[in-house]
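Q: What follows is a structure written as structure tokens; I'll ask about it next.
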Amino acid sequence: MKAFTYERATSTAQAAVRAASVPGAKFIAGGTNLLDLMKIEIEAPAHLIDVNGLDLAKIEPTPDGGLRIGALVRNTDLAADAGVRRDYPVLARALLAGASPQLRNRATTAGNLLQRTRCPYFYDPDQACNKREPGSGCAALAGWRRMHAIVGTSDACIAAHPSDMAVAMRVLDAEVETMRADGSTRRIALADLHRLPGATPHLETTLDAGELITAVVLPSPPGGTHVYRKVRDRASYAFALVSVALVRQPDGSGRVALGGIAPKPWRDEDAERALASDPHAVVDGLLKDARTSPDNAFKITLARRTLDAAIADARSAR
Amino acid sequence: MKFDTPATKNPIDRLAVVGHPVDRIDGPLKTTGTARYAYEHHDAVARPAYGYVLGAGIAKGSIHSMDLAAAKAAPGVLAIVTADNAGPLGKGDKNTATLLGGPTIEHYHQAIALVVAETFEQARWAARRIRVDYGPVDGTFDLARAKESASKPASGKPDTAVGDFGNAFAAAPVQLDATYTTPDQSHAMMEPHASTALWDGDTLVIWTSNQMVAWGVADVAKTLGIPKEKVHLMSPFIGGGFGGKLFVRADAVLAALGARAAKRPVKVALPRPLMFNNTTHRPATIQRIRIGATREGRITAIAHESWSGDLPGGKPETAVDQTRLLYAGANRMTAMRLAVLDLAEANAMRAPGEAPGMMALEIAIDEMAEKLGIDPVQFRIANDTQVDPEHPERPFSKRRLVDCLAIGAEKFGWKARNPHPAGTRDGRWLVGFGVAAAFRNNLVTRSGARVRLGKDGVVTVETDMTDIGTGSYTIIAQTAAEMMGVPLHRVVVRLGDSDYPVSSGSGGQWGGNSSTAGVYAACTKLREAVATKLGLPPDADFADGRVRAGSRDVAVADAARNGELVAEDHMEYGDLDKRYQQSTFGAHFVEVRVDAATGETRVKRMLAVCAAGRILNPKTARSQVIGAMTMGVGAALSEHLVVDRYAGFFVNHDLAGYEVPVHADIPHLDVVFLDETDPMSSPMKAKGVAELGICGVAAAIANAIHHATGVRVRDYPVTLDKLIDRLPLLAREEES
Ligand SMILES: Cc1cc2nc3c(=O)[nH]c(=O)nc-3n(C[C@H](O)[C@H](O)[C@H](O)COP(=O)(O)OP(=O)(O)OC[C@H]3O[C@@H](n4cnc5c(N)ncnc54)[C@H](O)[C@@H]3O)c2cc1C
Ligand code: SF4
């Protein structure tokens, strides 16, 4: 681990200013991802700005009937929130499908969105990785790709985004609220937060340098039946091979986002119009540009079947 | 003491302490965190420095140059050990690759440097500042591709044959010819390999996490080129080994070299990501099994061939072992072939040989039963043998496989099994039952102990035996208590120190029976000494803290009133294990549920019935068996060291990528021990159980998945991607 300096942020505005002005600064929230990466020098911030003391741990209703989730709300608390469980159960289920209770107690809403990929080559400093070291190559392309993305990838990187929570937030049309160094705030649709790798897989989000996430805002509840199906090799404590977040209305229409198969939560509002009539067409639309290898081609069939299962779950839950 | 005739009645048979489910005597130390592991001897070692191991970043080739300048200049660095400056090093008898590589690199993450610094973080930081210029060369990493080049291993017993397999198989009306694969697996024990070393003059004092103290002393001495007498090695507590700690590894050798270079005590633990490629692993196998049978279900021909790989000079995985002994059949052959692979060193992991061998054989038996239309329990029972089928003049010392199967079937409710695969459904789940035999050979080996009777009447046992979480402390205490007729709390057990008599160590499920037999021998001597001291006949009775003969009745402590009595002996073995085949038996029954949509398999319930001689402590034995069953679930469903065939290493080298079962994967586990004693094995009449428990589990699960889905998967682990294309179509109901 590289030696670093540390400060506790005293206000959101100050945190954003410091993050933009101190060279090599990074925010730390739960630290469950960042610290692991720092230990093996995949992240090597010169300065840490600890945001844990900021007043960003509240879950509050918004004037238009939605929910504003503070950036520091712990995954455990968010999953247990009565309003979330009642109005956005897909989110609670996605959270509970992730990591372990100990990790969820620590992990924050913003940190979860910004957690980095679990590509094993990214974690091994002796392997080429464009995300870790731009221009060095991608060892995964010739290697083991079972856990990797099949859509939205590029010749530079095929890593998948590992978050479960983000998949549910995507299906809920969440927006991310931020503050920049100049004190300005903005809202970014979750769909636009994560970038596809293209030729620059080390650039993962559309946030500016030092931009602080202050909250995630959910629009008013979408109704319908909510399902989160996460498919994995063991029953707990494993990242998704494929996951499906589904909000299904009584008439069979609804929204679908997929996890485990792309560099970001994967949803296509056009394709999902077919949900009531032909669910496989939704998956086909979502995966139409899939580029698979022999060890991850199964994800196409698995995505179809998991959506079928999710629909069946939704139907029987009614 | 020599054990060369079958055991007769002896003091252990009293079963006042032995055979009882007593709690582990070391339990409170472990649950309170006060048992000191190899990295934690803060009491004995003041101001240790920290060593961090740098592993090679290529799989094969050499180091052109190493630039240590930046690392040396990094804060806190005390010393850097490399092959260049370590002086001449030997190689341990039990090691295949050298433990400190360079300039030649034999495998990925082979240790090439140790950085010693004031703190762990400083050592880690500096290690990454070492610049290495490699000269990589192409290697062979893929067993399937190397299979054709495999050759007959130089040692061991690679081939056996009886009768005329070829003709008998060709003539058999029902035949099976199938190939199975098992993947590379990692021990993935909780405690990493770790050592703390210091030099006391020219004597090396080392605490290391090692299952075999005497092997450890010998190989540390040989590697460092110092006399064995100059190595004091201690391994009192071990956080799991599973065979991964049978041998001295880089942490021990580098801690010793680092302590010498830094002139400070040094502790070294392998970081988790290094453990998978730096240490040993269970190698992958390709196994071809052919079985021929009559229509009535009698096996007439059986053949098992296995291919595995290892570094040059390595050994094969003996995956055909059980097939030489498990089922009858007049015509048979087995063969093992070994390919050279440039992956990390292949070696023993829990039940080497039988664990992967049974994974294949017991699917083959299930397939054969299906072809014959015979219930798989009945098919196994029908082909039981009471003699070694390759050497019919050798009976089994005790063999109750049939009882295990029959009792297990009854207890499990096997009768309820739907005879048709893919025929049972429970909501979204496809339900399947599976069975497999369990089989693991019983090994006995020389083991010594010293026993002291103190003035206070406390009996102290000293032996270099280890407790790898198995319960050695406890069963050794029970044995001494039984032998000396004292209550358990009057016994103190000291283990894992090379100053104590050489024991069997822990491995190959030989430790429980062998080490207690050694304690039996030493206690027999101590009884004689006590009797002599008290002027009692040698056949005096030891019970309730007293020694009785005729009308005399004396407290055992009286014998030591004028000074401690000490006795030392070992148990060695004659040829009973040659005249009688000694094995352990069992049966595994499993119910699985496979998600009809996704192919995810979840185990619903498991039962193991074991016949493994006298169970010295049903509680610790059960712990061993359920632990082994859990490991079997991993082998069946998820554990797989994935070889990057291009770069030549195990890619998923951490516990996020190498998936062992978690609590949510393991249902209630039932274990039944048949009441049995085996007088051929030792005076304890016990055998091993800890490895028996894993043998067959994975196959029982694979068979249950087949029963649930109708899909036969012959390549482990049975992950959903191997099922998904062949699962039944999902009925998508119409909107209601
Ligand atoms: C063993 C293990 C298993 C896991 N399994 C799963 C799983 O199954 N599913 C899943 O979804 N996740 C899983 N996770 C990941 C876990 O969800 C994340 O580690 C966690 O959500 C990160 O949150 P954090 O608050 O600890 O983030 P940190 O580690 O503190 O930060 C992560 C990143 O976010 C940045 N950041 C944090 N807060 C802000 C902010 N307010 N504004 C801007 N940037 C910010 C940090 O600078 C850093 O780059 C697992 C993690 C582990 C260690
Ligand atoms: S897939 Fe992406 S993260 Fe993985 S090695 Fe390639 S570039 Fe790195």
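Laboratory data are not the source of any read-out in this text; all were calculated from the coordinates shown. What you see is a predicted model; the values in this text were computed from it and never measured. Cβ atoms come from the backbone with ideal geometry, glycine included; neighbour counts cover every protein chain shown.
Q: What's the percent breakdown of Cα-Cα distances in segment B:46-144 across 5 Å bins, shortest bin first?
A: 2, 14, 22, 21, 18, 13, 6, 3, 1, 0, 0
Q: Projecting each Cα onto the charge dipole of chain B (Lys/Arg +1, Asp/Glu -1 at the beta carbon, about the Cα centre), which of B:Pro6, B:Met358, B:Val340 comes out farthest on the positive side?
A: Selected residue: B:Pro6.
Q: Only bridges with both residues in segment A:225-317 count here: give the DSSP antiparallel percent, nearest 5. Walk me through the numbers before you get to the answer.
A: On the way: 14 of 14 bridges.
Antiparallel bridges: around 100 percent, rounded to the nearest 5.
Q: Same structure again: So if I take the centroid of the Cα atoms in segment B:58-95 and the same for segment B:12-30, what is the distance between those two points in Å?
A: 47 Å
Q: Quick one: Debye curve from the C-alpha atoms of segment B:21-84, no solvent, what's log10 I(q)/I(0) at q = 0.15 Å⁻¹?
A: Debye intensities relative to I(0), on a log10 scale: -0.75.
Q: So how far, in whole Å, is the C-alpha centre of segment B:698-730 from the one of segment B:498-555?
A: 53 Å
Q: May I pose another question? Let me spell out the model: positive unit charges on the Cβ of Lys and Arg, negative unit charges on the Cβ of Asp and Glu, origin at the Cα centre of the protein assembly as shown. What dipole size does that give, in debye rounded to 20? Before the final figure, lay out the partial values.
A: Numbers: 121 positive and 120 negative charges, 150 e Å.
Around 720 debye, computed over the protein assembly as shown.
Q: Scanning chain B for helices, which whole DSSP H stretches are 20 Å or more long along the axis (Cα) and average 0.5 or more by Kyte-Doolittle?
A: In chain B, the long hydrophobic H runs are B:618-637.
Q: While we're here: With all distinct Cα pairs included, what does the Kirkwood hydrodynamic radius of segment B:503-615 come out to in Å, to one decimal, could you say?
A: Working: mean 1/r = 0.0535 Å⁻¹.
One over the average 1/r among Cα pairs gives 18.7 Å for segment B:503-615.
Q: Sticking with this structure for a sec: When N is the residue count of segment B:462-557, what does its C-alpha Rg come to as a fraction of 2.2 N^0.38 Å? Don't jump to the answer; show the numbers that get you there.
A: On the way: Rg = 14.4 Å, N = 96, 2.2 N^0.38 = 12.5 Å.
Output field value: 1.16.
Q: Can I ask one more? How far apart, in nm, are two points set 7 Å out from the Cα along the Cα-to-Cβ line at B:Ala171 and at B:Arg446?
A: Result for the modelled spin labels: 4.8 nm.
Q: Let me ask something else. May I have the pair-distance distribution P(r) for segment A:109-193, computed from all Cα-Cα distances with 5 Å bins from 0 and rounded to whole percent?
A: So the P(r) values, bin by bin, are 3, 13, 19, 19, 15, 15, 11, 4, 1, 0.
Q: All other residues with a Cβ under 13 Å from the Cβ of A:Gly66 taken together, and with Lys, Arg as +1 and Asp, Glu as -1, what is their net charge?
A: Numbers: positive: A:Arg68, A:Arg187; negative: A:Glu60, A:Asp64, A:Asp87, A:Asp173, A:Glu175, A:Glu177.
Around A:Gly66, the surrounding residues sum to -4.
Q: I need the calculated FRET efficiency for the pair B:Asp159 and B:Ala330, taking r as the beta carbon distance and R₀ as 25 Å, to the nearest 0.05. Don't jump to the answer; show the numbers that get you there.
A: Working: r = 18 Å, r/R0 = 0.72.
About 0.90, to the nearest 0.05.
Q: Express in whole angstrom the spacing between the alpha-carbon centres of segment B:181-260 and segment B:419-466.
A: Segment B:181-260 and segment B:419-466 have Cα centres spaced 25 Å from each other.
Q: Looking at chain B, identify the longest residue range that excludes and avoids all GluC sites (Glu not before Pro) in DSSP loops having at most 14 other Cβ atoms within 10 Å.
A: Values: sites that count: B:Glu296, B:Glu393, B:Glu564, B:Glu733, B:Glu734, B:Glu735.
Counting at most 14 other Cβ atoms within 10 Å as exposed, the longest clean stretch of chain B is B:1-295.
Q: Now for a separate question. Based solely on C-alpha atoms, express the radius of gyration and the Dmax of chain A in angstrom.
A: Every Cα atom of chain A included, Rg and Dmax give 19.0, 57 Å.
Q: Right, another one. Suppose we keep just the DSSP beta bridges with both residues in chain B; what percent of those would be antiparallel, to 5?
A: Working: 102 of 134 bridges.
The antiparallel fraction comes to roughly 75 percent.
Q: What FRET efficiency would be calculated for the residue pair B:Thr119, A:Ala13, taking the C-beta separation as r and a Förster radius of 41 Å, to the nearest 0.05? Walk me through the intermediate numbers first.
A: Working: r = 37 Å, r/R0 = 0.89.
Efficiency at R0 = 41 Å is approximately 0.65.
Q: Filter B:Lys9/B:Lys230; B:Lys157/B:Lys230; A:Lys39/B:Lys619; B:Lys245/B:Lys533; A:Lys2/A:Lys131; B:Lys91/B:Lys152 down to the pairs with a C-alpha to C-alpha distance above 31 Å, please. Before the final figure, lay out the partial values.
A: Values: B:Lys9/B:Lys230 43 Å; B:Lys157/B:Lys230 36 Å; A:Lys39/B:Lys619 40 Å; B:Lys245/B:Lys533 42 Å; A:Lys2/A:Lys131 19 Å; B:Lys91/B:Lys152 24 Å.
Flagged as over cut-off: B:Lys9/B:Lys230; B:Lys157/B:Lys230; A:Lys39/B:Lys619; B:Lys245/B:Lys533.
Q: Let me ask you something else. What do the square roots of 5 times the Cα gyration tensor eigenvalues come to for the protein assembly as shown, in whole Å, largest first, as semi-axes of the equivalent ellipsoid? Intermediate values should be presented prior to the final figure.
A: On the way: eigenvalues 516, 282, 157 Å².
Whole-Å semi-axes of the equivalent ellipsoid: 51, 38, 28.
Q: How large are Rg and Dmax for segment A:225-317 when calculated on the C-alpha trace, in angstrom?
A: Reported Rg and Dmax, both Å: 12.6, 38.
Q: As I understand it, the dipole of segment A:225-317 uses +1 on the Cβ of Lys and Arg and -1 on the Cβ of Asp and Glu, about the Cα centre. Which of A:Tyr237, A:Ile261, A:Pro294 lies farthest toward its positive end?
A: Projecting each Cα onto the dipole axis, the largest value belongs to A:Tyr237.
Q: Using the Cα centre as the reference, give the magnitude of the dipole from point charges on the C-beta atoms of chain B (Lys, Arg: +1; Asp, Glu: -1; all else neutral), rounded to the nearest 20 debye.
A: Working: 81 positive and 84 negative charges, 146 e Å.
Using only the charged Cβ atoms, the result is roughly 700 debye.
Q: Please work out, to two decimal places, the log10 of the ratio I(q)/I(0) at q = 0.05, 0.07, 0.08, 0.11 Å⁻¹ from a Debye calculation in which every Cα of chain B carries one identical scatterer.
A: Listed by q, the Debye log ratios stand at -0.26, -0.52, -0.67, -1.19.
Q: For segment A:79-180, build the charge dipole from Cβ charges (+1 Lys, Arg; -1 Asp, Glu) around the Cα centre, then report which of A:Pro120, A:Ala94, A:Ala140 sits farthest towards its positive end.
A: Comparing the listed Cα positions along the dipole, A:Ala94 ranks first.
Q: Hey, another quick one. Assign one of three labels to segment A:194-266, namely rounded, prolate or oblate, based on the Cα gyration tensor with a ≥ b ≥ c the square roots of its eigenvalues; rounded applies when a/c is under 1.5, prolate when it is not and a/b is larger than b/c, and oblate otherwise. If you can, show how the numbers build up before the last one.
A: Values: a/c = 2.11, a/b = 1.34, b/c = 1.57.
Oblate, because a/c is 1.5 or more while a/b does not exceed b/c.
Q: Pop out the Kirkwood hydrodynamic radius of segment B:535-595 from its pairwise C-alpha distances, inverse of mean 1/r, in Å to one decimal. Provide the component values of the computation, followed by the final result.
A: Working: mean 1/r = 0.0579 Å⁻¹.
Across segment B:535-595, the inverse of the average 1/r is 17.3 Å.
Q: Considering the Cα positions of segment A:100-251, please state its Rg to one decimal place and its Dmax as a whole number of Å.
A: Just the Cα atoms of segment A:100-251 yield Rg and Dmax of 16.8, 53 Å.
Q: I would also like to ask the following. Where in chain B is the longest stretch that carries no trypsin sites (Lys or Arg not before Pro) classed as loop by DSSP and with at most 13 other Cβ atoms within 10 Å? Don't skip to the end; give the middle numbers.
A: Values: sites that count: B:Lys9, B:Lys263, B:Arg295, B:Arg561, B:Arg732.
Within chain B, the longest run free of exposed trypsin sites (Lys or Arg not before Pro) spans B:296-560.
Q: While we're looking at this one, here's another question. How big is the charge dipole of segment B:195-303 about its Cα centre, in debye rounded to the nearest 20, if each Lys and Arg gets +1 on its Cβ and each Asp and Glu gets -1 on its Cβ? Walk me through the numbers before you get to the answer.
A: Details: 15 positive and 6 negative charges, 88 e Å.
So the magnitude is around 420 debye.
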